[in-house]
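In what follows, a structure is listed as C-alpha cells, so that the remarks can point back to it.
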Amino acid sequence: MLEIKGLQKSFGNLKVLKGIDISAKKGEVIAVIGPSGTGKSTLLRCINLLERPECGTVRIGDVTVDAQNYSAKDEQKLRRKTAMVFQNYCLFKNKTVLDNVLLPMTLVRKKDKKEACQEALKLIEQVGLLDKKHEYPSRLSGGQQQRIGIARALASQPEVILFDEPTSSLDPELVGGILELIKELAGRHQCTMLIVTHEMSFAMEIADRVIFMDGGNIIEQGTPKELMQHAKHERTQKFLKTIQTR
Ligand SMILES: Nc1ncnc2c1ncn2[C@@H]1O[C@H](COP(=O)(O)OP(=O)(O)OP(=O)(O)O)[C@@H](O)[C@H]1O
Ligand SMILES: [Mg+2]
C-alpha cells in the first residue's frame, strides 16, 4: 500500500537520496535508522512531497505520483493520505489544542463541525490531554505538545504516518510517555508507520522492519532481530555498535 521506487533527491550538487525503494504493507511499522545527514528526514519529506524529488515514484493506495510529472492536484491527493509528526511538534500556536486537532478534519476531510468536534475530543482523550483542550500550545510541555501533534496526525485518518524523530526535542523524562503512545498506535496496525528514530531499543521493540540508511542509500533492512543479531554489512554493524555503546 506504500510503494516507493527509485526516489532521488539532490540539493544543488549534493545528492541526498540516491534511489530509494521501499514497499510497505498496510499497518506495517517501519523504523528508519542511520547516521546524521544521511537523508532520513529528506526521505520522509519527499514521500509527502514537502520536498520535490527529481525522480522516482511514490504510491500510496490508489494514488501514484511520478516525481518527474505531477500536478498540484496529485500532490494534494498524495498529501491527504499522509500525516507527519515533526521533531518540533509544529502545532499552530494561535490555535487551541482542540482547534489544532479539528483542523485536519474540517479542512482535509470536510467533516461537519459538530461531528468533527466529537471525534477530535475522542482523539485528545486518547492521548491523555482532555483537560487541556482549550489551552494554547505555548502553555503545554514538550511532551504534551507532541501528544497533540500525534492526535492531529491521526485526525486526518492518514494511510501513512511519517514520524521524524518524534522524541528528540523532549526532556528525557518525557520521552517514555511518547514512545508508549506510539507503541500503542503501532500495535493497532491501522495505518502504515515510517518512524525515523535514534531510540534504538524502541525501534527494535515496535518495528516490524528496520531500514538502515547511509549516504542516501538503503544499505540493509530486516526484522529487528535480523538486524541486531545478524547485520550483513559492515556499515550497519558499525552503526549499531556505536549506538549501543553510547
Ligand atoms: N533544504 C535543504 N537545502 C540544502 N541541503 C539540505 C536541505 N535539507 C537537507 N539538506 C542536506 O541533506 C542532507 C541530508 O539531510 P537530512 O536532514 O535528510 O538528514 P537526516 O538523516 O535526517 O539527519 P539527522 O539524523 O541529523 O536528522 C544533509 O547533508 C543536509 O545538510
Ligand atoms: Mg533528520
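Worth a mention:
- Assessment of segment 115-129 against the conditions (part of a strand (DSSP E or B) and either more than 26 Å from I178 (Cα to Cα) or acidic (D, E) (or both)) yields no matching residue.
- Where a residue in segment 226-246 is part of a helix (DSSP H, G or I) and its partner, wherever it lies, is of a type outside the set (A, V, I, L, M), with Cβ under 6 Å and at least six apart: R235/D214; T236/F212; T236/E220
- Counting the residues of segment 138-168 that are touching an Asp or Glu at 6+ places or on another chain (Cβ under 7 Å) and farther than 20 Å from R188 by Cβ gives 1.
- Taking the criterion of being away from ligand 2 (no atom under 16 Å from the Cβ) and in contact (Cβ under 8 Å) with a residue 24 or more places away in the chain, the residues of segment 162-178 that qualify are D171, L174, V175, G177, I178.
Per-residue answers, yes or no, for (1) over 23 Å from Q190 (Cβ atoms); (2) crowded, with 16+ Cβ neighbours inside 10 Å; (3) within 16 Å of ligand 2 (Cβ to nearest atom); (4) aliphatic (A, V, I, L, M):
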site: G61; (1), (2), (3), (4): no, no, no, no
site: T64; (1), (2), (3), (4): no, no, no, no
site: A67; (1), (2), (3), (4): yes, yes, no, yes
site: R79; (1), (2), (3), (4): no, yes, no, no
site: E115; (1), (2), (3), (4): no, no, no, no
site: K122; (1), (2), (3), (4): no, no, no, no
site: D131; (1), (2), (3), (4): yes, no, no, no
site: Y136; (1), (2), (3), (4): yes, yes, no, no
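- Unique match (being of a type in the set (V, I, T) and touching a Cys at 6+ places or on another chain (Cβ under 8 Å)) among V58, V97, V32: V58
- Here segment 35-56 is the region considered, the condition is being more than 16 Å from ligand 2 (Cβ to nearest atom) and buried (at least 18 other Cβ atoms within 10 Å of the Cβ), and the residue that is nearest to I219 (Cα to Cα) is G56.
- Scope segment 199-226; condition more than 22 Å from L17 (Cα to Cα) and of a type outside the set (G, A, S); matching residues: E199, M200, F202, M204, E205, I206, D208, T223, P224, K225, E226
- Checked against (1) closer than 30 Å to K133 by Cα; (2) among the hydrophobic types (A, V, I, L, M, F, W, C); (3) under 20 Å from the mean Cα position of the chain (by Cα), V97 passes all but a single condition, namely (3).
- Filter pass, R80 being out of contact with any helix residue (DSSP H, G or I) (no Cβ under 6 Å at 6 or more places or on another chain) and charged (D, E, K, R): no
- Helices (runs of 4 or more DSSP H) fully within segment 135-224 counting 2 or more residues that are away from ligand 1 (no atom under 15 Å from the Cβ) and outside the structural domain of K18 (by TED's automatic domain parsing): 142-155, 172-188
The values are calculated or read from the model by the stated rules, or taken from the named source; none is laboratory data. This structure is a prediction, so every number in the text was calculated from the model and none was measured. Reconstructed Cβ throughout: ideal geometry from the backbone, glycine too, with neighbour counts over all protein chains shown.
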